[in-house]
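Here the structure comes first, spelled out in structure tokens, and everything after it is commentary.
The values are calculated or read from the model by the stated rules, or taken from the named source; none is laboratory data. Nothing here was measured: the structure is a model prediction, and the numbers come from that model. Positions of Cβ are backbone-derived with ideal geometry, glycine not excepted, and every protein chain shown enters the neighbour counts. The accessibility values were calculated without ligands, DNA or RNA, using every heavy atom of the protein model including side chains. Shrake-Rupley method; radii C 1.70, N 1.55, O 1.52, S 1.80 Å.
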Amino acid sequence: MTEYTYPRHDVLCLDMRSFYASVECMKRGLDPAKALLAVVGDPERSGSIVLAASPALKERHGTGNVSRFFELPDDPEIIIAKACMQDYLDVSVEITRLVHQYAPREAIHVYSVDELWVTVDGLEKLYGPPREIAELFRKRIAEQFGIECAVGIGDNKFLAKVVLDIHAKKSVSGIAVCRYEDVERLLWPVPVEDIWGIGKRMMRRLNNMGIIKLGDLATHPLRFLKKRFGVMGEQLYWHARGVDLSSVFGNFTGSVQKSYGHGITLLEDYGEKDIYPCLLDLCEEVCRRAREFHHVGRTVHIGIGYTKGTGGGFSRSLTLHTPTNLTMDMYKAILSLFRKNYDSGLAIRRVYVSLTNLENDESLQMTFFDQKEKERDLAVTMDDIRARHGSTSLLRASSYEPGGITIERSKKVGGHYA
């Protein structure tokens with residue numbers, strides 16, 4: 001019998017089923033398990049994405065979360081709900097507070113708006129074994145919020161998350177357990193593309209190596225995986241064996257900032273003239289965040305995606321002589337990269353800019369002749385006004401041009417209307 005010496009914890013991964021749709025059902029006094037409801041980003045646009053579908057809608061019409069509004073069937077029973085991100089965030093915070101009633105803050109790791117990990121080591125004397133604690137959370141969340149919750153239980157975060165995705169969501173009980181001893185039986189027969197952390201691109205690369213199931217990955221020679229994928233290959237190997245040494249306790253809300261980025265998928269095609277105000281608005285937001293945390297960056301990056309069918313796009317970066325967090329400094333560098341690499345005449349649909357290679361702004365040695373000091377003081381003053389009175393209280397004239405995005409984005413939370 002194999003002796004497992006890896007750390008063992010009691011980690012629960014909680015997933016709120018059809019979260020957005022369930023919240024919208026509860027707002028309307030409907031049963032999320034029976035109502036036919038679709039949450040749409042913007043019902044005014046036929047091409048808008050269906051962000052969530054209730055379980056009944058998925059079962060009756062096969063509607064998925066990647067469907068488009070115009071693809072919804074002509075069924076008079078279907079209720080269309082406009083996405084309200086602030087409501088979803090509020091409910092998510094309240095669910096986290098509920099979990100905090102049973103576990104300390106350092107044991108809770110919020111993964112997304114509808115999913116979190118909670119480590120319940122040592123709570124058995126208070127609430128029973130891990131499975132009973134999982135049932136307790138399911139019951140409390142259903143009673144207080146009317147939302148069904150699925151729970152994966154494992155020795156670490158990876159096992160809890162994967163057994164949640166593969167087994168708990170399909171289980172009648174809504175709960176599944178995977179310990180080290182269960183990995184070969186429960187997870188190895190699963191196709192690699194169904195495993196958390198393995199996307200389509202990685203799936204194709206693994207499939208080309210003859211790795212189809214997770215068991216194939218677990219038994220593939222480690223040296224070959226490291227040679228092909230580097231550190232990622234080693235992580236894939238150990239995850240396939242159920243080993244995950246990431247921390248289960250700590251301050252999961254804090255992290256080391258490595259870059260500031262901002263991007264947007266445009267609602268319509270942009271040409272060269274329209275994209276300039278958009279780029280300036282994006283740079284403004286990136287630099288505002290960098291100034292807020294007292295960072296400057298030495299490298300700027302731009303990513304452009306052309307309209308589907310016209311082909312590709314480009315991604316380029318430029319390292320500056322002097323690090324900056326001033327909007328116009330970044331914008332000029334971004335504009336230079338854009339003009340050098342843009343295929344004239346092609347329609348643009350996606351834009352992304354970032355400031356990387358960060359350091360503290362204290363590292364800037366201000367000289368008596370540094371004319372940037374006035375610009376920095378002005379930028380900080382503008383930031384203060386916006387913080388007090390809202391992001392649109394002080395705008396550049398370019399934000400009012402057709403290509404500007406700040407005004408419209410100020411009405412949204414997480415890219416969708418609040």
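Would you call residue 351 more than 16 Å from residue 257 (Cα to Cα) and in contact (Cβ under 8 Å) with a residue 60 or more places away in the chain? Yes: the conditions hold for residue 351.
Each residue in the range 62-100 was checked for being open to solvent by 70 Å² or more (accessible area, probe 1.4 Å) and farther than 30 Å from residue 127 by Cβ, and 10 of them qualify. Search the range 23-36 for residues being under 9 Å from residue 55 (Cα atoms) and touching a residue at least 40 places away in the same chain (Cβ under 8 Å), and hand back the single one that is most open to solvent (accessible area, probe 1.4 Å). So, considering only residues that are under 9 Å from residue 55 (Cα atoms) and touching a residue at least 40 places away in the same chain (Cβ under 8 Å), the one most open to solvent (accessible area, probe 1.4 Å) is 33. The residues of the range 141-161 that are touching a Ser or Thr at 6+ places or on another chain (Cβ under 9 Å) and among the polar types (S, T, N, Q) amount to a single one, 156. Of the residues making up the range 80-123, those that are outside any strand (DSSP E or B), over 22 Å from the mean Cα position of the chain (by Cα) and in contact (Cβ under 8 Å) with a residue 12 or more places away in the chain are 98, 102, 103, 120, 121, 123. The set of residues from the range 196-239 being without any contact (Cβ under 8 Å) to a residue 12 or more places away in the chain, among the charged types (D, E, K, R) and closer than 22 Å to residue 167 by Cα comprises just one member, 200. Selection within the range 338-354: residues that are in a helix (DSSP H, G or I) and under 17 Å from residue 277 (Cβ atoms). The member of this set that is least open to solvent (accessible area, probe 1.4 Å) is 338.
Counting only residues that are at positive phi and outside any strand (DSSP E or B), the range 288-330 holds 4 of them. Quick check: is even one residue across the range 154-162 crowded, with 24+ Cβ neighbours inside 10 Å, part of a strand (DSSP E or B), within 24 Å of the chain's Cα centre (by Cα) and in contact (Cβ under 8 Å) with a residue 12 or more places away in the chain? Looking for residues that are crowded, with 24+ Cβ neighbours inside 10 Å, part of a strand (DSSP E or B), within 24 Å of the chain's Cα centre (by Cα) and in contact (Cβ under 8 Å) with a residue 12 or more places away in the chain, one finds at least one in the range 154-162, hence yes.
Quick check on residue 276: is it within 22 Å of residue 6 (Cβ to Cβ) and in a helix (DSSP H, G or I)? For residue 276, the condition - within 22 Å of residue 6 (Cβ to Cβ) and in a helix (DSSP H, G or I) - is not met.
In the range 205-215 there is at least one residue that is open to solvent by 10 Å² or more (accessible area, probe 1.4 Å) and within 30 Å of residue 351 (Cβ to Cβ).
Taking first residues from the range 65-76 that are within 10 Å of residue 38 (Cβ to Cβ) and partners that are part of a loop (DSSP other than H, G, I, E, B) and open to solvent by less than 50 Å² (accessible area, probe 1.4 Å), the Cβ contacts under 6 Å between residues at least 6 apart in sequence or on separate chains come to 69/48.
Yes/no per residue for (1) open to solvent by 70 Å² or more (accessible area, probe 1.4 Å); (2) closer than 20 Å to residue 98 by Cβ:
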{"site": "143", "(1), (2)": "yes, yes"}
{"site": "173", "(1), (2)": "no, no"}
{"site": "179", "(1), (2)": "no, no"}
{"site": "187", "(1), (2)": "no, no"}
{"site": "195", "(1), (2)": "no, no"}
{"site": "224", "(1), (2)": "yes, no"}
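Could you check the range 249-277 and list, in sequence order, the residues that are closer than 16 Å to residue 333 by Cβ and open to solvent by less than 30 Å² (accessible area, probe 1.4 Å)? Within the range 249-277, 260, 261, 275 meet the criteria.
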